[in-house]
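Asks: Below is one structure. I have some questions about it.
No value in this document is a laboratory result; all are computed from the given coordinates. All values reported here derive from a predicted model rather than from experimental measurement. Positions of Cβ are generated from backbone atoms using ideal geometry, with glycine treated the same way; all protein chains shown enter the neighbour counts.
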């Protein structure tokens, strides 16, 4: 996919979240069912690695595309005794502001790398992930015990960019750390399929590219009947997910479906760094 196409699709999604940040957040108030299984995998990885006492020295958890911060709320509810630094990264400052209000903490740019600092930190970092990948820049964090990527992969234009992201996150894991990614399977939902828009109908002002510039399984979706709000989304086939997984130097420790009415709206992959 051409860089100009990647940027055009990224801009479409950026505009989408700027327009619907509040209503989007209101529809994202509860934990996904799949997170409970992710939590089991995480606790097992901590138990196996025995790297540190999680009640004394904070772990590092990174939430890529954190949105309104609900995964953080899920963790502090489920792991009240665990100390962890939490880095929430998202391109949309409106959603991060909502997350900030929930936590009553201020924006910071990075987690303090001082290993002697045992006070957990919550950090909100506005960041355009697509531009970071296009420019081949690196995330600022290192040695994370858990990196989660929920509700993002379908917004990354092109297979190459998705692979690039996963490869970079692999390098940011601490030994024994987990990388957890959800892959949206919206084509399995009749309700979501009805939201698909013919790209030719919005070409021009809303979508300044031609439909033949899209890759296989790329779609444009509407939002709550609003005829002026659109988003780029990619549907993941199992073949593509397996291809991405096989390109990583990580061990698959869990692989399951969850979420939605039929418990199949997301496919989760949980990898561990050896």
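Asks: Give me the angle, in degrees from 0 to 90, between the Cα long axis of helix 3-26 and the longest principal axis of the Cα atoms of the chain, rounded to the nearest 10.
Replies: The answer is roughly 70 degrees.
Asks: Turning to a different aspect of this structure: Calculate how steeply helix 93-103 sits against the longest principal axis of the alpha-carbon atoms of the chain, using the helix alpha-carbon long axis, and give the answer as 0 to 90 degrees to the nearest 10.
Replies: Between the helix axis and the principal axis of the chain, the angle is about 30 degrees.
Asks: In percent, what relative contact order does the chain have, based on Cα pairs under 8 Å that are 6 or more apart in sequence? Display every interim value, and only then the final one.
Replies: Details: 459 pairs, mean separation 56.9, N = 274.
Relative contact order here is 21 percent.
Asks: Using Cα springs under 10 Å in a Gaussian network model of the chain, which residue among 40, 202, 241 shows the largest mean-square fluctuation?
Replies: Its mean-square fluctuation being the largest, the pick is 40.
Asks: Pull out the extension gain between residue 242 and residue 40, defined as 0.36 nm times the separation in residues minus the alpha carbon to alpha carbon distance; nm, one decimal. All intermediate terms of the calculation are to be shown ahead of the outcome.
Replies: On the way: separation 202, 0.36 × 202 = 72.72 nm, distance 2.28 nm.
Result: 70.4 nm gained on full extension.
Asks: Before rounding to the nearest 500, sum -39500 (n - 2.57) across all DSSP H runs of length at least 4 in the chain and divide by the residue total; then give [θ] at 222 nm in deg cm²/dmol. Walk me through the intermediate numbers first.
Replies: On the way: 8 runs with 93 residues, N = 274.
About -10500 deg cm²/dmol.
Asks: How far is helix 159-172 tilted, in degrees, relative to the longest principal axis of the Cα atoms in the chain, given as a value from 0 to 90 rounded to the nearest 10?
Replies: 10
Asks: Simple spin-label model, 7 Å along Cα-to-Cβ: residue 253 to residue 137 in nm?
Replies: 3.1
Asks: Rounded, prolate or oblate, given the Cα gyration tensor of the chain, with a/c below 1.5 counting as rounded? Let's see the in-between values first.
Replies: Working: a/c = 1.69, a/b = 1.54, b/c = 1.10.
Prolate.
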